[in-house]
Structure formats: structure tokens, C-alpha cells
Amino acid sequence: MVTDNLSAMKKYLGIILLTGLVALNFVACDDNIDPLITDLELSRALTPTRLEARIRNLTTIELTWNLRDDVDHYVVEFSEDSLQFNTIIFTDEVTAEELPYQRTFDGDTRYSARVKAVSAGVGNSKWAAVTIVTAQENIFLPIQDGDIDATEATVRWPAGSDVTHLLINPGNITRNISVGEKAAGMATVTGLTGDTHYTISLMRETKSRGTLTFTTLIDVGDAFRVYPEDDLSAVIAAATPGEVLVLYPGDYTVFTGLIVINKSITLRGLYPFDKPKIHVQFSLTDGASSIEIKDVDISGDGTLNDAFRYNTNSVTFGTLVIDGCYVHDFTRSFIAGNASATTVQSVVVNNTIVNNIETSGGDFIDFRNTYLADLKLTNSTFNNSSTARDFIRMDGVAPANGLSGTGLTSTVLVDHCTLYRVCNSASVSTRRLLYVRFNANVLTVRNSIIAESGGFFSNQTTTTQHASLNNNYFNAPRFFDAAFEVIANLKVDISGTHRTLDPGFVNAATGNFKVTNQTLLDNSVGDPRWLQ
């Protein structure tokens, strides 16, 4: 035991002695240590780091990179290829104050950019490079009132733009642009067919500079003309199934406030820019298989209940299309099914503005008794509506006609829509966007803005998880944040693609939802009418 203690003490003293010698050695050698390097002297400037390229306004490339204090300026070069830089098409000198740096090019084209640093007294840095594809530009100006007729259309672009010809479809027709038309920024295309959907591309040689779509006016010679002084209810009652009724501009009053449609029929305004005004609610009954309402202003005057309502039991209806309309000031529902054991194949709402539907005693789109197979809401705006009840209700429980669970599916698509102040009920149980309880359902919401809403998608176990893509929620947290409020079975946007940006509406209070937020414009979010 004594021997072990002596051995341990010797080791301990040896360690102390060794430590002291090492310390002494460091002190003795202190004069020989090289001085600390605080400045790195290089023969050339350092290559710019974190070079990033973004697309702004479709065809503008924006470059950013990390700056250094010792750089005098930067050289930027562009080529029209993928990091090859065989032919430089543009060169510029850029100072730190000019970042982010922007340059506008052709649309739908791949470009590469490279940047090097230039510092006084040393060589230039190596290049940092990046490549990106511009979006397809569109320099077409908006269509003006009177530009579209049945057999011709006038298209406009910024005067003096570098353009060569128009490409017209259907038909794949090339129409050259004259020197005078190029200078004026305007050309009239003739020889079109009435009531036909056209796409016109504005070209510069092989590159597209814009695309415009429109539908020519109906050739009134083939349709039944209706004027404001006519009894619209009587005209519809006397029409033959499948007939097209063209309403001339003006104010139409239906004394009963109700029009019954019991046949397939098309009701459309003569001009989309001067919609005929109808003060009426439509009751769809047996025989109304295929209905199209286009370019019409439909008002409930704050007293009528439902804009459209199915009212016949045990019937199979076809398609209801509402296109290019303005529907407003109804007290209960926009579209409803109040018929048991009845099926509606399709409801399509496109390019339409719906305003001030109060949902007092009913949901906004309300199919609690009637089975609706397919609902599409596209390119439309829903403002100050569904404030007291659910936005879309498609039931699969009593009294929903016993069709749920029989192999049928309800499909819902909301695409490129703007929803403002919807689903704002004080009750959690009546402020759902997708109150869909049919046994099988497929739900999609994409490319849409939901703003100023206290609502949420769904809290129903029978509602499937909807597919989401590229949506924006502003002051509408329950649509994307499951932690915001404890709600059982809450469905939120789980896509990872959503944003929460302020759209910067020009004047939402007056119904002007023009978007000013550049990110939303770049990503085409919301009703397209507000993105131009």
C-alpha cells in the first residue's frame, strides 16, 4: 500500500514538472511567434457569392449577390443559352448601390447571367454564373368596350412595339401587321365567326409577345332578340327547348320576381361590356336539363331569396353554366338544390362576380337535399357573400336523398378565384368553405386568394383532405394554421405552397380587387381580371 502511494506521488510530481517546462518553453519562445494575420492580401478580387436570379413582371431578370466593401464595381454579362456564354448579348458595369440589378429581355427564353468583381490594384475575380427562363410576356392591352364584335375584333398593344404578325386560332392563321398598325399599336382582325372562342398571339418573328383570348359576340341573326320592354318571363315560357335568347342592354323588370325555367335554354346579353339588368330569381324545374346564363346582371334587389334554385323532386338535371355575369344582392343563396332524390350533373361558375349574398337561412351554394356531382368555380370573385353561413354545402346525410354511399362522388374545384369577406359567421359551425359531407368527395382549391375571413376549410370527418396549390391567405389564419384555434377535425392547407401576403387591393370597399403585390402577380394568384 505504501509503495503504491509513493508511485502515485512520483507520477503526480512528474506531470507538474512537465507542465511547467512546457509553459516555460512557450514564454521563452514568445519573441519568435509570427504576428496575427488581420488582412488577407490576394492577387485578385473574390468571386461574388450567393448570386441569385428571379423573374419580375414576366420578362425582367433580377440579380442579387453578396457585396464586399473592397470591390469598386461589378461586371454583369448575359447570354441567351444555358451557362455557355458563347455569345454575350449584353454587358453592364454595376455598383453596389444599383442592386438589386434588373434587365428586361424576351419572354419564354432561357438566359444565363454571370458576374465578376473588379477591385483597384488587383486582378478581376472569377465569374459567378446562374441561368433562368423568363415567363411568356403579354404586352396586349386590355380589351375595350366595342373591340369585339360577331365577325371582327380589334386588338391593341403599346404603340411602336417591335411586332411582326398575329397568329389566330382556331385556324392557325397568320395575319401580318402593317407599318402603320405597328406604329399605332392597334389592328382589326376580320373574317371571324360569331359566338366562337379565339386565341390571338402577338408575334415578333418566332417569339410570342402576348396572348389574348376572347369570345366573339353572338350572331344575332340566329337568335331570338329580347328587349327591355318585353315580358321576359313570357318570352322564356314561349321559347322552344334549346333556343338562344339574346338580351339587348337595358333594365328588365319581372313583376313576380320569379322566372320558372322548365327547358334547356341559353340566356345571354348582347354585349359583355353592357350587361342587361334583370331583377329576378330563377326556379329550375323538370325539363331544365342544360341552362347557360351569360353576360347578364342578375339582381335580387336585397329582397329576393335565391338567384338559382332547383325545385323538382326525383329528377336528373344536366348542366348549369353561369359565365361572365354579375350576380348580387340576394338574401339567402347563390345556387341551391331543394329537391330530394334529385341529381344535378354539373354547375360551372366562370368569369363571374358575385356580391352581397347574405346567406340568411341558407348556405351560399347549398345542396343539402339535392346531389350535385361536379362543381367548378373558376376565374371569379366572391365579395361580401356567405357572411353568415357556409360557402359550399354538399350534404351526404339526412335528408340528402339517400344517394350517399351508392358509388357516387361529389367533386369541387375552386381555381383562380378571389374570395373577400366570406365565411365570417360568429359560429364555428357555420363558417366552412368546404362543408362537403357526401360519402365520396374530391376537393381542390388552387391559385386563389382568400382575404379577411374568419372561416376555415372544414371540420367534418367525412370531408376529405382537399388538394391545395399556390393559394394566398390574408387575414384568414384558420385556412392554413391548425394551431391558431382548437377546432376538432380542422382541415388546413398542407401543400407547403401557400403564402400569407397582403394582396394590396386597390379599393376592396368599392369592389376593386386589383392586385398590386408583385409576388402574387408573378405567380398568377386570384381572379385573372384583377391581375392585369
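The values are calculated or read from the model by the stated rules, or taken from the named source; none is laboratory data. Just so it is clear, the model here is predicted, and its values are computed rather than measured. Cβ atoms come from the backbone with ideal geometry, glycine included; neighbour counts cover every protein chain shown. Quick note on the areas: whole protein, heavy atoms, side chains included, nothing else; ligands and nucleic acids left out. Shrake-Rupley method; radii C 1.70, N 1.55, O 1.52, S 1.80 Å.
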Exercise for review: Report whether or not L490 is under 22 Å from D363 (Cα atoms), at pLDDT 90 or above and open to solvent by 30 Å² or more (accessible area, probe 1.4 Å).
Suggested key: yes
Going through (1) buried (at least 22 other Cβ atoms within 10 Å of the Cβ); (2) farther than 22 Å from R437 by Cα one by one, F457 fails only at (2)
Residue hits (segment 330-343; of a type in the set (V, I, T) and at pLDDT below 95) are T342, T343
With the first residue restricted to segment 160-177 and required to be in a strand (DSSP E or B), and the second required to be modelled with pLDDT under 95 and basic (K, R), Cβ contacts under 9 Å at 6 or more apart or on different chains are H165/R204
Given (1) in contact (Cβ under 8 Å) with a residue 40 or more places away in the chain; (2) more than 19 Å from D366 (Cβ to Cβ), D306 misses just (2)
query: Taking G221, is it outside any strand (DSSP E or B), open to solvent by 50 Å² or more (accessible area, probe 1.4 Å) and at pLDDT below 95?
result: yes
query: open to solvent by 70 Å² or more (accessible area, probe 1.4 Å) and under 34 Å from the mean Cα position of the chain (by Cα): does that describe Q102?
result: yes
Filtering segment 296-307 for residues that are open to solvent by less than 10 Å² (accessible area, probe 1.4 Å) and closer than 19 Å to V244 by Cα leaves a count of 2
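Residues checked against (1) free of Cβ contacts under 8 Å to residues at least 60 places away in the same chain; (2) assigned to a strand (DSSP E or B); (3) surrounded by fewer than 18 Cβ atoms within 10 Å (Cβ to Cβ):
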residue: P249; (1), (2), (3): yes, no, yes
residue: G257; (1), (2), (3): yes, yes, yes
residue: I278; (1), (2), (3): yes, yes, no
residue: Q281; (1), (2), (3): yes, yes, no
residue: A341; (1), (2), (3): no, no, yes
Considering segment 72-92, residues that are open to solvent by 30 Å² or more (accessible area, probe 1.4 Å) and of a type in the set (A, V, I, L, M), and then whichever is nearest to A113 (Cα to Cα), we arrive at L83
* Among the residues of segment 93-105, is there at least one that is within 22 Å of T206 (Cα to Cα) and not in a strand (DSSP E or B)? -> yes
query = Has segment 322-334 got any residue that is open to solvent by 10 Å² or more (accessible area, probe 1.4 Å), of a type in the set (A, V, I, L, M) and part of a strand (DSSP E or B)?
reply = no
The condition of being farther than 25 Å from G269 by Cβ and either among the charged types (D, E, K, R) or surrounded by 16 or more Cβ atoms within 10 Å (Cβ to Cβ) (or both) holds, among V163, V179, only for V163
E229 passes all but one of the listed conditions (1) over 32 Å from the mean Cα position of the chain (by Cα); (2) assigned to a loop (DSSP other than H, G, I, E, B); (3) touching a residue at least 24 places away in the same chain (Cβ under 8 Å); the exception is number (3)
